[in-house]
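The values are calculated or read from the model by the stated rules, or taken from the named source; none is laboratory data. Everything quoted here is computed from the prediction, not taken from an experiment. We place every Cβ from the backbone using ideal geometry, glycine too, and count neighbours over all the protein chains shown.
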Amino acid sequence: MLDLPHNRGFSLLELIVVLVLISMLAGLAFPSLLKFYERLEVLLEQDEVVMRINGLGRRAFVEHQAFALGIDDFELPESWSLEVREPIRYTVSGVCLGGHLTIKKTGQDILQQQLKAPYCQISR
């Protein structure tokens with residue numbers, strides 16, 4: 001007769017211990033992962049805002065329309081705002097006259113930048 005071992009798997013206690021350990025590790029890692037994703041979302045939105053501002057000169061040239069950042073409408077992602085000391089003017093030729101701006105998200109300063117004529121590009 002063939003002798004088969006009794007141990008054909010894991011006991012219920014062993015499975016419960018493993019599940020508890022995995023749950024504890026997930027509980028420790030989840031808050032850090034959540035903060036990472038929130039910060040990543042802010043960075044992606046910030047990149048979008050910077051890209052839009054950097055493209056304003058080209059937009060003025062293509063649309064053949066002068067406008068002023070701080071007076072004319074400028075679409076931003078939700079909960080983002082833009083503050084300028086004085087309106088930053090763009091001519092129909094796409095030239096920017098310079099100025100200072102502050103980009104904010106829910107009231108918190110994210111980026112302050114002095115835009116230098118004639119291109120007014122935000123650099124990081």
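Taken together, 83, 78 contain a single residue that is part of a loop (DSSP other than H, G, I, E, B), of a type in the set (Asp, Glu) and surrounded by fewer than 16 Cβ atoms within 10 Å (Cβ to Cβ), which is 78.
Scanning segment 82-117 for residues that are among the basic types (Lys, Arg) and more than 17 Å from residue 44 (Cα to Cα) returns 85, 89, 116. Residue 101: of a type outside the set (Lys, Arg), modelled with pLDDT of 90 or more and surrounded by 14 or more Cβ atoms within 10 Å (Cβ to Cβ), yes or no? So residue 101 fits the description; yes.
Going residue by residue through segment 7-30, is there one that turns out to be modelled with pLDDT of 90 or more, surrounded by 11 or more Cβ atoms within 10 Å (Cβ to Cβ) and polar (S, T, N, Q)? No, that holds for no residue. Is it true that some residue in segment 72-91 is of a type in the set (D, E, K, R) and touching a Ser or Thr at 6+ places or on another chain (Cβ under 6 Å)? Checked against the condition, which is being of a type in the set (D, E, K, R) and touching a Ser or Thr at 6+ places or on another chain (Cβ under 6 Å), segment 72-91 yields at least one hit. Please verify whether segment 50-65 includes one or more residues that are polar (S, T, N, Q), under 14 Å from residue 122 (Cβ atoms) and surrounded by 15 or more Cβ atoms within 10 Å (Cβ to Cβ). Yes, segment 50-65 contains a residue that is polar (S, T, N, Q), under 14 Å from residue 122 (Cβ atoms) and surrounded by 15 or more Cβ atoms within 10 Å (Cβ to Cβ).
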